[in-house]
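**Student:** Just passing along the structure, written as structure tokens.
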Amino acid sequence: MAFDTLEMPYGTFEYVVGGAATFSSIAASLLTHGVRIVGVVGDDFPRDYLDFLRKREIDTLGVEQVAGKSFFWRGRYSADLASRETLDTQLNVFANFQPKIPEAHRSTPYVLLGNIHPQLQLDVLDQVEKPKLVAADTMNFWISGESATLNKLLARTDLLIINDEEARQLSGIDNIVRAAADIRKRGPSRVIIKRGEFGSLLFDEAGTFFCPGYPLEEVRDPTGAGDTFAGGLLGYVTRHGDTSPSTLRRAMFYGSALASFCVEDVGTTRIAKVTRSELDARIQAFARLVDYGGSLALPAEESR
């Protein structure tokens, strides 16, 4: 849970509320009840935003508000929004953060570990009782600087959600298919590799699955899209109480649909306003997008 200052090609937006827990919990709350978040914010974090999360039935019992400034990130996006440059990162109250899972939350069956130090992710798992599914995110900074600790986390992870650059760095393999196979040997039986507007790939015991990105005429802010995807995916899985390959594949469409809403405006502005009817309509549009009109089998040749 953080503040972002975003330098976009069309303007600069100061102190926008962001953070992985924020995006993912909002997305998940559109699909399931009982979303719980754990994080830390400073006394500068707006109380009305915490009230907004609670109104969405997001449990904020695990959110600590302490004296000091909230985590802050400043970044500049390229003209095509395809890449970004970090200009400033201030840990602030996050520097001494030690996740504390409330007693009432320790039986949570589905756990999403946002992109933080892998030791903190392990500390969370140590406080959760036998979850049905543990999904985790990570980034290049931890891959290069905390590889030993990250490997311990991978051994306790069921689903790893990372982008293609991170998959190549983690495995040391350029080919995405072989990279995913290598990562799965380290612990996660399922790996989702995100490819931005080009969709995502799932590798699991049932094989390989592709979910496209939803085509948009305009993208305003890709910040938080990956976290929104993960939150939507876990929200769908939680709603159905099932971690089967078919459920996970359907969940990817919901994650992708919600991520497509997220990028339509700055920060959480758009995703915070999405209605279930809008989501249902976009899912139907997704169905039409991939509908190939029946069987792909070639017709039998006429006998000669």
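**Student:** State which residue is farthest from residue 112 (Cα to Cα) when the search covers only the range 195-206 and only residues that are at pLDDT 95 or above and charged (D, E, K, R).
**Tutor:** 205
**Student:** Checking the structure you have, find out if any residue of the range 90-102 is free of Cβ contacts under 8 Å to residues at least 24 places away in the same chain, touching a Phe, Trp or Tyr at 6+ places or on another chain (Cβ under 7 Å) and in a strand (DSSP E or B).
**Tutor:** Yes; the residues of the range 90-102 include at least one that is free of Cβ contacts under 8 Å to residues at least 24 places away in the same chain, touching a Phe, Trp or Tyr at 6+ places or on another chain (Cβ under 7 Å) and in a strand (DSSP E or B).
**Student:** Of everything in the range 185-227 that's within 23 Å of residue 25 (Cα to Cα) and hydrophobic (A, V, I, L, M, F, W, C), which residue is surrounded by the most Cβ atoms within 10 Å (Cβ to Cβ)? Spell out the reasoning first.
**Tutor:** Applying the first criterion (within 23 Å of residue 25 (Cα to Cα)) to the range 185-227 yields 188, 190-197, 199-202, 211-214, 219-227.
Now drop any that are not hydrophobic (A, V, I, L, M, F, W, C), which leaves 191-193, 201-202, 211, 219, 225.
Details: 191: 25, 192: 28, 193: 23, 201: 20, 202: 23, 211: 25, 219: 17, 225: 24.
It comes out as 192.
**Student:** Taking the condition of being more than 21 Å from residue 279 (Cβ to Cβ), of a type outside the set (Asp, Glu) and part of a loop (DSSP other than H, G, I, E, B), how many residues in the range 6-48 meet it?
**Tutor:** 5
**Student:** Kindly indicate the residue of the range 174-227 that is assigned to a strand (DSSP E or B) and aromatic (Phe, Trp, Tyr) and also nearest to residue 78 (Cα to Cα) among those meeting that condition.
**Tutor:** Among those residues, the one meeting the criterion is 210.
**Student:** Looking only at the range 68-89, count every residue that is crowded, with 16+ Cβ neighbours inside 10 Å, touching a residue at least 60 places away in the same chain (Cβ under 8 Å) and out of contact with any Pro (no Cβ under 9 Å at 6 or more places or on another chain) and tell me the total.
**Tutor:** Going through the range 68-89 one residue at a time, the tally reaches 6.
**Student:** Sticking with this one: Scan the range 12-33 and give yes if some residue there is at pLDDT 95 or above, over 18 Å from residue 137 (Cβ atoms) and among the small types (Gly, Ala, Ser), otherwise no.
**Tutor:** Yes; the residues of the range 12-33 include at least one that is at pLDDT 95 or above, over 18 Å from residue 137 (Cβ atoms) and among the small types (Gly, Ala, Ser).
**Student:** Based on what the data block shows, is residue 261 at pLDDT 95 or above, surrounded by fewer than 23 Cβ atoms within 10 Å (Cβ to Cβ) and not in a loop (DSSP other than H, G, I, E, B)?
**Tutor:** So residue 261 fails the test.
**Student:** Based on this model, can you work out whether residue 34 counts as under 27 Å from residue 198 (Cβ atoms) and surrounded by fewer than 19 Cβ atoms within 10 Å (Cβ to Cβ)?
**Tutor:** Values: under 27 Å from residue 198 (Cβ atoms): no; surrounded by fewer than 19 Cβ atoms within 10 Å (Cβ to Cβ): yes.
Here the answer is no, as residue 34 does not meet what is asked.
**Student:** Quickly run through the range 66-89 and pick out the residues that are polar (S, T, N, Q) and modelled with pLDDT of 95 or more.
**Tutor:** 70, 78
**Student:** I've got another one for you. Could you check the range 139-165 and list, in sequence order, the residues that are under 18 Å from residue 201 (Cβ atoms), in contact with a helix residue (DSSP H, G or I) (Cβ under 9 Å, 6 or more places away or on another chain) and either of a type in the set (Asp, Glu) or assigned to a loop (DSSP other than H, G, I, E, B) (or both)?
**Tutor:** Of everything in the range 139-165, those that are under 18 Å from residue 201 (Cβ atoms), in contact with a helix residue (DSSP H, G or I) (Cβ under 9 Å, 6 or more places away or on another chain) and either of a type in the set (Asp, Glu) or assigned to a loop (DSSP other than H, G, I, E, B) (or both) turn out to be 157, 164, 165.
**Student:** Another question, if that's okay. Of all the residues that make up the range 37-61, how many are buried (at least 21 other Cβ atoms within 10 Å of the Cβ), more than 16 Å from the chain's Cα centre (by Cα) and within 23 Å of residue 257 (Cβ to Cβ)?
**Tutor:** Going through the range 37-61 one residue at a time, the tally reaches 2.
**Student:** Is it the case that the range 257-271 has a residue that's among the hydroxyl-bearing types (Ser, Thr, Tyr) and free of Cβ contacts under 8 Å to residues at least 12 places away in the same chain?
**Tutor:** yes
The values are calculated or read from the model by the stated rules, or taken from the named source; none is laboratory data. Quick caveat: nothing in here was measured; it's all calculated off a predicted structure. Heads up, the Cβs are rebuilt from the backbone with ideal geometry, glycines too, and the neighbour counts pull from every protein chain shown.
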